[in-house]
Amino acid sequence: MKLRSLRYYRDALDPGRFFGARMGRAHVPVFVYHHVTPRSFERHLQFLEDNRYRAVSCDRANWSDPDPREVVLTFDDGRRSVWSVAAPLLKKYGFRATAFVSPGMMSEGDPTPTIEEGDLEALEASYFGNHELFNWTEARLMAEAGTVDLQLHGFAHARVFTTPRAVDFYHPQWKDRDEGIAGWIVRRGGQDVVLRTLDLGQPIYEWGSRWGDQPRYLEDEASSAACVSHVRERGGADFFERPKWREELESVARERDGGAVRAGRLESREEKVRHLEDLLGRAKSLLQAQTGVRVDHFALPWSKGNEMISEVAEAVGVSHVYWEASIPDYASARSSGVQHHFRLKDQFLLRLPGKDRQGVIGLLAVVAGSYRG
Ligand SMILES: [Zn+2]
């Protein structure tokens with residue numbers, strides 16, 4: 001177990017830190033969900049109602065003078081189950097929550113069925129749309145209904161390359177758990193482009209979150225282009241039927257470099273700040289234009305941050321930044337007008353003081369689940 005996780009559990013299991021005992025009610029408890037199913041989410045809402053708590057959204061929370069009956073519920077990624085499951089249940093209980101979305105990953109579309117009017121079996125078969133995102137129409141309907149407030153989770157939940165070390169080539173079987181949720185930012189014609197999936201044949205270098213603390217590696221475009229067109233000209237997906245496709249692409253990438261240094265480079269700090277400001281600023285404008293709501297809250301994708309985060313947030317008019325696990329020192333030092341909030345995984349909600357509170361042992365058994373970004 002990583003040190004970070006140990007600290008996380010220690011913090012999470014220390015009720016004083018969150019629920020008033022030691023910190024004099026200084027904190028509003030904030031919980032983070034990703035995908036929800038009707039039974040488990042309703043259990044949480046019922047628990048809140050039974051114990052006279054109120055679930056509020058980030059834009060309505062009283063951060064400076066917390067109300068001990070108030071908890072903030074947040075959803076990361078904008079997964080479809082926020083629309084199909086959570087919003088109807090929030091309405092039923094008269095609660096409100098915040099969904100952190102990546103506007104660059106969202107599409108237009110018609111409203112899809114929810115647990116209110118949908119065929120439950122079909123919804124269940126798709127696991128309530130776990131790996132899809134809700135669309136703009138659904139976002140607007142939730143905002144209008146007042147059940148879900150929409151705020152930022154970056155522009156595209158983007159990954160960027162971080163070192164010149166190639167680890168793979170994008171191929172039809174390339175899958176990871178964030179497919180469909182997280183995009184990529186790569187170089188094309190001297191510009192940055194945001195892609196939902198990479199082009200077949202694209203060399204994949206070691207990567208990380210755009211918001212992480214590593215600088216971005218600006219890849220050698222000529223090498224990427226050579227590999228991508230090599231694949232396209234040889235049948236696209238069919239090319240990967242060749243038993244030695246990997247060796248072939250490796251040699252294309254090498255030839256392109258002429259065996260010499262023709263490689264990319266690491267971005268400077270200044271370039272990084274400018275890029276982050278641009279991404280967050282565009283995300284904010286797009287979300288505001290689409291929904292008409294005021295946007296000034298930002299949850300970091302994968303809860304990865306960097307030391308320029310307050311500076312970037314302030315520059316684009318974002319005043320609240322949300323983490324999961326501990327907040328790093330550079331962010332908790334309140335030198336700017338930006339407030340940083342710690343969030344707990346959703347399972348910890350049942351640790352709030354009250355009737356039917358979950359025991360620590362039972363909770364640890366449940367929490368053994370995975371971190372979902
Ligand atoms: Zn996320």
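The values are calculated or read from the model by the stated rules, or taken from the named source; none is laboratory data. Just so it is clear, the model here is predicted, and its values are computed rather than measured. Every residue, glycine among them, receives a Cβ derived from its backbone with ideal geometry; neighbour counts consider all protein chains shown. Only protein heavy atoms, including side chains, enter the accessible area calculation; ligands, DNA and RNA are left aside. Shrake-Rupley method; radii C 1.70, N 1.55, O 1.52, S 1.80 Å.
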Quiz item: Using θ = phi - 60° and the Karplus form 6.51 cos²θ - 1.76 cosθ + 1.60, what ³J(HN,Hα) does each residue of segment 138-145 get, whole Hz, x for Gly and Pro?
Solution: 4, 4, 5, 5, 5, 5, 5, 6
Self-check item: Amide hydrogen neighbours beyond the local backbone of Gln202, cut-off 5 Å, H modeled
Solution: Tyr170
Quiz item: Cα axis of helix 38-50 to longest principal axis of the chain: angle in degrees, 0 to 90, nearest 10?
Solution: 30
Quiz item: In whole Hz, what ³J(HN,Hα) sequence does segment 342-353 give by Karplus (6.51, -1.76, 1.60; θ = phi - 60°), x for Gly and Pro?
Solution: 8, 10, 9, 3, 3, 4, 6, 4, 6, 8, 4, x
Exercise. Treat every Asp and Glu Cβ in segment 121-171 as -1 and every Lys and Arg Cβ as +1, leave all other atoms uncharged, and give the resulting dipole magnitude about the Cα centre to the nearest 20 debye.
Key: 420
Exercise. Report, by chain and number, residues whose modeled amide H sits under 5 Å from the one on Ala99, excluding near sequence neighbours (fewer than 5 apart, same chain).
Key: Phe75, Asp149, Leu150, Gln151
Practice problem: Go through segment 66-71 residue by residue and turn each phi into a ³J(HN,Hα) via Karplus (6.51, -1.76, 1.60, θ = phi - 60°); whole Hz please, and just put x for glycine and proline. | Solution: x, 8, x, 9, 9, 10
Quiz item: Measuring from label point to label point, each 7 Å out along Cα→Cβ, what is the Asp329 to Tyr93 span in nm?
Solution: 3.9
Quiz item: Using a 1.4 Å probe on the protein chains only, how many percent of the accessible area of segment 162-222 belongs to carbon and sulfur?
Solution: 49
Quiz item: Rounded, prolate or oblate: which fits segment 53-181, taking a ≥ b ≥ c as square roots of the Cα gyration tensor eigenvalues, rounded meaning a/c under 1.5, else prolate when a/b beats b/c?
Solution: oblate
Practice problem: Could you pull out every one of the lysines with an alpha carbon less than 19 Å from that of Lys272, ignoring same-chain neighbours closer than 8 positions? | Solution: Lys284, Lys304
Exercise. For every helix of n ≥ 4 consecutive DSSP H residues, a contribution of -39,500 (n - 2.57) applies; sum these over the chain, divide by its total residues, and give [θ] at 222 nm rounded to the nearest 500 deg cm²/dmol.
Key: -9000 deg cm²/dmol
Practice problem: Taking DSSP loops as anything outside H, G, I, E and B, show the longest stretch in the chain free of GluC sites (Glu not before Pro) there with at most 10 other beta carbons within 10 Å. | Solution: 234-373
Self-check item: Loop-resident sites, segment 64-146, for trypsin sites (Lys or Arg not before Pro), counting at most 12 other Cβ within 10 Å (DSSP)
Solution: Arg69
Quiz item: How many angstrom lie between the C-alpha centres of segment 177-231 and segment 54-94?
Solution: 34
Quiz item: In terms of modelled amide H atoms, which long-range or inter-chain residues lie less than 5 Å from the amide H of Val186?
Solution: Val193, Leu195
Quiz item: Where a ≥ b ≥ c are the square roots of the eigenvalues of the C-alpha gyration tensor, would you call segment 92-147 rounded, which needs a/c under 1.5, or, failing that, prolate if a/b is larger than b/c, or oblate?
Solution: oblate
Quiz prompt | Computed E for Glu314/Arg246 - FRET, C-beta separation, R0 51 angstrom, nearest 0.05 | solution = 0.65
